[in-house]
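Throughout, read-outs are computed from the coordinates displayed, never taken from laboratory work. Not measured: the values here are computed from a predicted model. Cβ sites come from the backbone with ideal geometry, for glycine too, and all protein chains shown count toward neighbours.
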Amino acid sequence: MRDESRPQTTRNTGPYGDGKVLILGEPRSGTSWLAKLFDSHPDVLYRHEPDIVHRPDSLPKFMPASEEEAYIDTAREYLNTLAATRTLKSAGPLPVFPKRHRSGLGRVLRTGLILGVRGLEMAARGAQAPSRIPIPDLVSPRFRHQTRIVIKSVSLLGHARLIAKAWPQSKIVIIVRHPCGQVASFLQGGRAWQVNRYAVYRNCGIGRGSSAWTQNRAILNLVDRGTIGVAMGFLERKNAKRHQRVEQRQDRRL
């Protein structure tokens with residue numbers, strides 16, 4: 001069955017303006033924060049990490065500059081697919097900002113649909129079907145050419161030069177966070193990963209009671225030695241018991 005959330009696009013054209021913006025960076029580097037600042041602009045149509053839904057399998061992970069010309073058309077087709085992706089994760093991140101290209105009624109209807117699909121996704125308990133329901137853009141035809149698509153990605157940074165060739169009229173914003181801040185963000189924890197921070201600190205030669213400055217200085221020493229992978233190697237998946245406790249708490253709340 002054809003996936004309606006994945007439009008088949010082959011040309012560097014679309015219903016909106018050509019001046020697209022891509023926000024690229026590493027995970028935990030502030031890309032989401034920066035992207036939502038862009039999304040708050042009334043002329044922006046935001047796509048949040050559409051490359052998670054549609055992986056760049058058609059593009060080599062590592063590509064020398066001499067081979068990029070052969071992949072320009074493939075990259076353009078892939079980028080057009082990302083721009084047209086309207087799944088819940090891509091087109092429905094909260095909060096929903098007022099837009100010049102969308103009426104007040106359109107905003108209310110679209111926000112209601114996003115919240116409804118999110119509720120359906122929670123009720124479905126992990127089923128993929130609700131998350132693939134297309135979220136309409138509801139862009140007025142009068143403002144189509146003034147609307148600018150902004151795409152945020154944490155996996156396409158290595159293809160920035162190829163993207164610039166495939167979409168020559170686009171603007172690419174690359175955010176670089178200080179390594180200490182990025183590692184500290186992982187240490188503070190995210191929903192997908194659990195970090196054994198004290199194992200990292202022991203590897204750095206510091207104790208639990210050390211100051212934040214001492215901890216960051218030790219992490220920076222790892223970066224200086226080119227062994228940041230040692231620190232990041234302590235990232236590990238949450239154990240099954242912790243997942244079970246979280247699910248039990250959610251069940252009790254429902």
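Structure summary
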read-out: Counted residues, the range 154-175 - those being under 23 Å from residue 28 (Cβ atoms) and in a strand (DSSP E or B); value: 3
read-out: In the range 97-129, the residues that are under 21 Å from the mean Cα position of the chain (by Cα), part of a loop (DSSP other than H, G, I, E, B) and loosely packed, with under 13 Cβ neighbours inside 10 Å; value: 126, 127, 128, 129
read-out: Breaking point among (1) assigned to a loop (DSSP other than H, G, I, E, B); (2) surrounded by fewer than 18 Cβ atoms within 10 Å (Cβ to Cβ), for residue 143; value: (1)
